[in-house]
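Presented below is the structure to which this report refers.
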Amino acid sequence: MNQIDLSGRRAVITGGAQGIGRAIAERLLASRAAVSLWDRDRGLLETAAGELAGRGTVHTAAVDVSRAGEVHAAAAATESALGGIDILIANAGITGPNVKLWEYPPDAWREVLDVNLTGVFLCCRAVVPLMMRENYGRIVNVASIAGKEGNPNASAYSASKAGVIALTKSLGKELAGYDIAVNCITPAVAKTRLFEQMTEEHIQYMLSKIPRGRFVLIEEIAAMVVWLVSAENSFTTGAVFDLSGGRATY
């Protein structure tokens, strides 16, 4: 494992109690950053905090990223606990049902967009002013290969992740005058609890599209993210980093 020094850095990871977010938190702690895990599942938060406590500074906040008031309160509590926020990993997301667009329940559509896209907007909106004040920050938004290519029977998810890509490009340009890098990643599917929200047919469809012939490992995602949030990533911003195992065509 490459050693990247994040000593003194303070990182927020949304959806940080499980899956990709948990793997990123573990890698950041191994790089000596302090972390704040944001998740709406209080039970998982308590479990993750207990298991990670011996690895470094771990703060938690129970927050639904689709609710502006909760995000604002979590940002304020994290700033108070850690002394600031240097890094944001906007990772929280849901898949929504696997159905055709014309059969998609409007309430489910809104929920997917609220969590996956509006949640990223609200978290960036809350944290960016703190980074601007210090003239330093690193933001990684977790999009998906679905945001580039569009998966059938996943129109809301695909649209939300395409929106995350565009949001990243816009915010990167807006903050280019600061030492704040804003990038996103577009991973292929990884084996996480999100599988519980998908049909087996959809899972197999996604696997069939990956030239590597396997799912991406959450540790592989964390390895890319830890460099993106380091001081070494001082020039690249508004960019999309591929983790699709060869699926991406651009």
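The values are calculated or read from the model by the stated rules, or taken from the named source; none is laboratory data. For clarity, every value in this text was computed on a predicted model and none was experimentally measured. Counting neighbours? That spans all protein chains shown, and the Cβs are built from the backbone with ideal geometry, glycine included. All accessible areas refer to the heavy atoms of the entire protein, side chains included, with ligands and DNA or RNA removed. Shrake-Rupley method; radii C 1.70, N 1.55, O 1.52, S 1.80 Å.
A compact table of results
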quantity: Rh by Kirkwood over Cα pairs, then Stokes-Einstein D for segment 115-188 at 1.306 mPa s and 10 °C, µm²/s; calculated: 126 µm²/s
quantity: Set of segment 24-39 residues, backbone N closer than 20 Å to the point 7 Å along the Cα-Cβ line of Gln197; calculated: 24-25, 37-39
quantity: Extension gain (nm, one decimal) between Ala53 and Ala166, 0.36 nm per residue minus Cα-Cα; calculated: 37.1 nm
quantity: Accessible surface, segment 46-137, averaged per residue in Å² (probe 1.4 Å); calculated: 48 Å²
quantity: Once the Cα gyration tensor of segment 26-96 is diagonalised, semi-axes √(5λ) in Å; calculated: 19, 15, 12
quantity: For segment 1-45 versus segment 128-176, the gap between their alpha-carbon centres in whole angstrom; calculated: 19 Å
quantity: Carbon/sulfur fraction of accessible area - segment 1-75, other protein chains in place, 1.4 Å, %; calculated: 43 percent
quantity: Interchain or long-range residues, amide H under 5 Å from Leu243's placed H; calculated: Thr186, Ala188
quantity: Spacing of the two label points (7 Å from each Cα toward its C-beta) at Ala77 and Glu149, in nm; calculated: 3.9 nm
quantity: FRET efficiency, Arg110 to Ala239 (Cβ-Cβ, R0 30 Å, nearest 0.05); calculated: 0.55
quantity: Extension gain, Ala68 back to Glu46 (0.36 nm per residue minus Cα-Cα distance, nm); calculated: 5.6 nm
quantity: Of the trypsin sites (Lys or Arg not before Pro) in segment 163-250, those whose Cβ has at most 12 other Cβ within 10 Å and which sit in DSSP loop; calculated: Arg212, Arg214
quantity: Accessible area per residue in Å² at 1.4 Å probe, computed on segment 139-217; calculated: 43 Å²
